[in-house]
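No value in this document is a laboratory result; all are computed from the given coordinates. These numbers were taken from a predicted model, which means no experiment stands behind them. Note: ideal-geometry Cβ built from the backbone for every residue, glycine included; neighbour counts use all protein chains shown.
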Amino acid sequence: MLAKAELLFVRVLAPLLLLPLSAASFAEEGGMWREVLNMTPGVTEVSRTIYDLHMAIFWICVVIGVVVFGIMFYSMIAHRKSSGREAANFHESTAVEIAWTVIPALILIVMAVPATKALIHLYDTSEAEMDIKVTGYQWKWQYEYLGEDVQFMSELATPESEIYNNEAKGEFYLANVNNPLVIPVDTKVRFLITSKDVIHAWWMTDFGIKKDAVPGFINETWARVEETGVYRGYCAELCGQGHAFMPIVVQVVEKDEYQTWLQEKKSEAAAIRELTQKTFELDELMTQGEGVYNRSCAACHQANGEGIPPTFPSIKGSDVALGDVNHHLDIVVNGVEGTAMQAFGAQLNEVELAAVITYQRNAWGNDTGDAVQPIDVYNFKHGQ
Amino acid sequence: MAHGPAKGIGRWLFTTNHKDIGSMYLWFSFSMFIVGGFFAMLIRAELFSPGLQMMRPEFFNQLTTMHGLVMIFGAIMPAFVGLANWMIPLQIGAPDMALPRMNNLSFWILPVAFVILMSTMFMEGGGPNFGWTFYPPLSTTYAPDSVNYFIFALHIMGASSIMGAINIIATVLNMRAPGMTMMKMPMFVWTWLITAFLLVAVMPVLAGAVTMVLMDVNFGTSFFDAAGGGDPILFQHVFWFFGHPEVYIIILPAFGVISAIIPTFSRKPLFGYSSMVYATAAIAFLSFIVWAHHMFTVGMPLTGELYFMYATMLIAVPTGVKVFNWVATMFRGAITFETPMLFAIAFIILFTIGGFTGVMVAMAPADIQYHDTYFVIAHFHYVMVAGAVFSGTGAVYYWLPKWCGRMYDETMGKLQFWLAFIGFNITFFPQHFLGLAGMPRRYADYSLQFADWNMVSSIGSFIYGAAQILLLYNVIATIVAGKRVTEPKTWEGAEGLEWTVPTPAPYHTFSTPPEVK
């Protein structure tokens, strides 16, 4: 039986330990955008430091493991009863106990030194060249370029049809957003991270950043990215049903390219302020409203407007959608305290708010015929 | 010694016998293990491939939450309380537990708690969906209405644990046979004594945390709501002040079991008994001062982060001592490989791997990358499953002949071991890769680069699940039709008072205290 056990150990355990090596090739074949075996060094000094630390601890553990398991397997093979061994009777040695208390302690001290240095470095948010406020919402991110009057929501761009397997999944399934965060290369960016509802966590593997977004508090962290490119991350703290559906995409561009982009964003904002004055047809509002609804509302209230009661009430045939417009505006703009209903006043612009409220009041047989105009939203916001 | 067990259902409802109560704990624990395992199978089935196939994310979150709660509070903890009930009186030469009526109560409120907890899944709005760690505001403002039932259930489980712990402390301190000094107690008794103190210390903290959540949900307080002057992070501090010792509550009795099995099948006394006792106490002490290493990304100040990193790394020292002592016990022994020994050896290997990843996640800067990923899932399943569950399974094979006077089938036992060992590693080893490559935990769906390893992991989990059905078969087959054994000492190398009483252990043992030399 023992021979069998040994054989099984050799056949099962050894391949498991070797798996990291053999599987490297297998990950490459898939042509995926990330090797799925180990941490990657990333593109910031911090992420590289973390990677080096990770590999150092890993190899120390491997060495200790080889020694400990080596002695153990030697005993299992050499000191079997079936090989006619008599058991020894020693069961104490103060010297040995002291040795294997002190040596691990020394190893730990050696490991603590680089870890401390790394931690001090990654906590140093001083002398940042620009600030971006990151706000977590159920289930999307808002980015605000402080001092630049630019802010926007960044939401999952993967269509429901891919999630529910009605369509082939794209390369960046659940890792693509409508508006990526854009930052300049070689610039120390400070991120101020908070949340409007539950706790989220903003995680960019390639930058070596993971920071919780806590409602009512602001955390800070930073990155100086050294290579241009598109980087992807995820929300890392359980935040409800859309937890897996609020990825992060950061586009790192050359500095002048970033300036051009920033100017574009500013003029876009100005154009939208213009549009607030315009009067729209019901059809236009409905078309735009459907898009906004599917992006911002459907995760909870569902595409058919029926919600998931009692947490997410139905809009179809509801008193709110069929009743007083101002009450409806109030709920959408200010949210409902103590419930999952967020305040969308800061998330959506006047045109989007007008469109989505119009859509809610006319879709799914609600048919009130109300066409809420951007200016109504503007007046409501400023009159309240 | 005239009377034996009562007849009919009354024997089980009103029993104050430590063996009956121990058996009930073990059966309850196994049934919860199957339920929690079923939840895990559903989770792995959904994660078999990318996309949502079987369920909404909302239900997925309920499954992960319930899987954690059921496994920790329903399966692992009661399993070791069951073992304690059976074995502590037998190992210290006591006729029963010190507080037998409380023993009955602490068991019977457990099924009540779990009926309440399970019933939430059928309520409007669904069961708890905020993870077993129930961080507010997800568990307060954004929670389903059933959160109140969840809190009530947790309170009952806590009361049950506290009563069980008090009973064990009272038994160990007062009921030892003459001559059974503290430093002669078997390691299983020692580890349970220390665990019981941990339980008495931290279960009330959990009760405090859930009560504050209850107040925030129902009575307008703002303990964990910044808008009212509270702090959501405060909850995490309180929770992990309970939660970290809880991890050791689960693993320390497992250490005790391993410290019984390894010497028996190595036919050599446990190496470094007194250092094992001190190491256990050191681990228990350290468990109180490391809690915030679960919170390295919440935005603690640098100094706090450094302190919790250093303190956490220290735990590796006493834990290492234990592993080295077990290996030294095997060294130059005369080893045989019966099923309990296979589980114990697998425990040492896999628990040590979990310990290595434990040192890795203790390093705060590296934990920035590991935190809340599948790397952490892999880490704590190596400790909880390959640690606690393997040890519990080994304990059942080890003591089953003593309990029922019948021997399990060695071939079937070994088959079950290999199925569990292989299934476990196929399930959880690849999760290290997933986490390092960037897959967050508690995700109902994932990007395509994670697809291959998730499929491997799911296949492994089905194998591991099948191994548990085989365990159930083995235990029932042994009880019903196993080969009868009557020798008091089932295993050649076994030491201790439990091997001096007849096999199967009679309903009452040690009515006259044995003399321990």
* **Long-range amide H partners of A:Ile308 with built H, under 5 Å** => none
* Semi-axis lengths (Å, descending) of the ellipsoid that matches the C-alpha gyration tensor of chain B -> 36, 26, 24
* **C-alpha center-to-center spacing [the stretch A:125-176, the stretch B:258-303] in angstrom** => 42
* In sequence order, calculated HN-Hα J values of the stretch A:91-99 (Karplus, 6.51, -1.76, 1.60; Hz; x Gly/Pro) -> 8, 7, 6, 4, 4, 5, 4, 5, 4
* **On Cα atoms only, tilt of A:325-334 relative to the major axis of chain A in degrees** => 30
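Which semi-axis lengths, in whole Å and largest first, follow from the square roots of five times the eigenvalues of the Cα gyration tensor of the stretch A:131-273? The partial results should precede the final answer.
Working: eigenvalues 107, 70, 51 Å².
For the stretch A:131-273, the semi-axes come out at 23, 19, 16 Å.
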* **Cβ neighbours within 10 Å from other chains - mean over A:50-60** => 4
* Peptide A:160-173 - average C-beta neighbours from other chains (10 Å radius) -> 3
* A:Glu162 label point, 7 Å along Cα→Cβ, cut-off 12 Å on backbone N: hits in the stretch A:215-253? -> A:247
* Roughly what angle does helix B:339-362 make with the longest principal axis of chain B, taking Cα atoms, 0 to 90 degrees, to the nearest 10? -> 30
* Asked: Using the per-residue mean of other Cβ atoms lying within 10 Å as a proxy for protection, in what order, highest first, do the peptides B:214-225, B:59-70, A:348-359, B:282-293 fall?
  -> A:348-359, B:59-70, B:282-293, B:214-225
* To do: Return the sequence-ordered ³J(HN,Hα) values of the stretch B:20-25 in whole Hz as given by the Karplus equation 6.51 cos²θ - 1.76 cosθ + 1.60 applied to θ = phi - 60°, using x for Gly and Pro.
  => 4, 5, x, 5, 5, 4
* **Cβ-derived FRET efficiency at R0 60 Å, A:Asn304 paired with A:Gln259, nearest 0.05** => 0.85
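Nearest 0.05, what FRET efficiency do A:Glu290 and B:Ala170 give at R0 = 51 Å with Cβ-Cβ as r? Write out the running numbers ahead of the final one.
Details: r = 68 Å, r/R0 = 1.33.
After rounding to 0.05, the efficiency reads 0.15.
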* Asked: Hey, what number do you get for chain B at 222 nm if only DSSP H runs of n ≥ 4 count, each worth -39500 (n - 2.57), divided across all residues, to the nearest 500?
  -> -22000 deg cm²/dmol
* To do: Return the whole-Å distance between the Cα centroid of the stretch A:324-352 and the Cα centroid of the stretch A:109-123.
  => 46
* Helix A:282-296 vs. chain A, principal-axis angle (Cα, 0 to 90°, nearest 10) -> 20
* To do: Pick out which of A:Met153, A:Met76, A:Met55 has the largest mean-square fluctuation in a Gaussian network model of chain A, springs linking Cα atoms closer than 10 Å.
  => A:Met76
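By count of other Cβ within 10 Å, fewest leading, how are B:Trp240, A:Trp59 ordered? Before the final figure, lay out each step's value.
Values: B:Trp240 21, A:Trp59 10.
Least to most surrounded, the residues fall as A:Trp59, B:Trp240.
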* Antiparallel content of DSSP bridges confined to chain A, in %, to 5 -> 70
* Just counting partner chain Cβ atoms within 10 Å, what average do the residues of peptide B:258-266 show around their Cβ? -> 1
* Under the Karplus curve 6.51 cos²θ - 1.76 cosθ + 1.60, θ = phi - 60°, whole-Hz ³J(HN,Hα) for the stretch B:32-38, x wherever Gly or Pro sits -> 5, 4, 5, 4, x, x, 4
* Enumerate the amide H contacts of A:Val150 below 5 Å, restricted to partners 5 or more residues apart or on another chain; note that Pro and chain-start residues carry no placed amide H. => A:Tyr145
* Of all DSSP beta bridges located in the protein assembly as shown, what percent are antiparallel, nearest 5? -> 70
* **Cross-link partners of B:Lys483 among aspartates and glutamates (Cα-Cα below 13 Å; sequence separation of 8 or more within a chain)** => B:Asp409, B:Glu410
* **5 angstrom amide H check on A:Asn165, placed H, neighbours 5+ away** => B:Leu52
* Could you list, in their original order, any pairs among A:Lys188/A:Lys210; B:Lys402/B:Lys517; B:Lys7/B:Lys402; A:Lys133/A:Lys210; B:Lys402/B:Lys489; A:Lys266/A:Lys381 whose Cα atoms are separated by more than 20 Å? => B:Lys402/B:Lys517; B:Lys7/B:Lys402; A:Lys266/A:Lys381
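Where does each of B:354-362, B:121-129 land if you order them by average Cβ count within 10 Å, highest first? Each step should come with its number before you reach the end.
Values: B:354-362: 22.6, B:121-129: 18.2.
So the order, starting with the most tightly packed, is B:354-362, B:121-129.
Going by how many other beta carbons lie within 10 Å of each one, how would you line up B:Ser29, B:Ser266, fewest first? It would help to have the intermediate numbers written out before the result.
Numbers: B:Ser29 22, B:Ser266 29.
Least crowded to most crowded, the residues run B:Ser29, B:Ser266.
How much length would be gained if the chain were fully extended between B:Tyr473 and B:Phe38, taking 0.36 nm per residue of separation minus their Cα-Cα distance, in nm to one decimal?
On the way: separation 435, 0.36 × 435 = 156.60 nm, distance 1.71 nm.
Contour length minus Cα-Cα distance gives 154.9 nm.
Pulled fully out, how much extra length does the chain show between A:Asp319 and A:Glu274, if you take 0.36 nm times their separation in residues and subtract their Cα-Cα distance? The partial results should precede the final answer.
Values: separation 45, 0.36 × 45 = 16.20 nm, distance 3.25 nm.
Working it through step by step, the gained length comes to 12.9 nm.
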* Structure fact -> Ranked from fewest to most other Cβ atoms within 10 Å of their own Cβ, A:Cys239, B:Cys404 fall in the order B:Cys404, A:Cys239
* Euclidean distance of C-alpha centroids, the stretch A:355-384 and the stretch B:357-431, integer Å -> 57
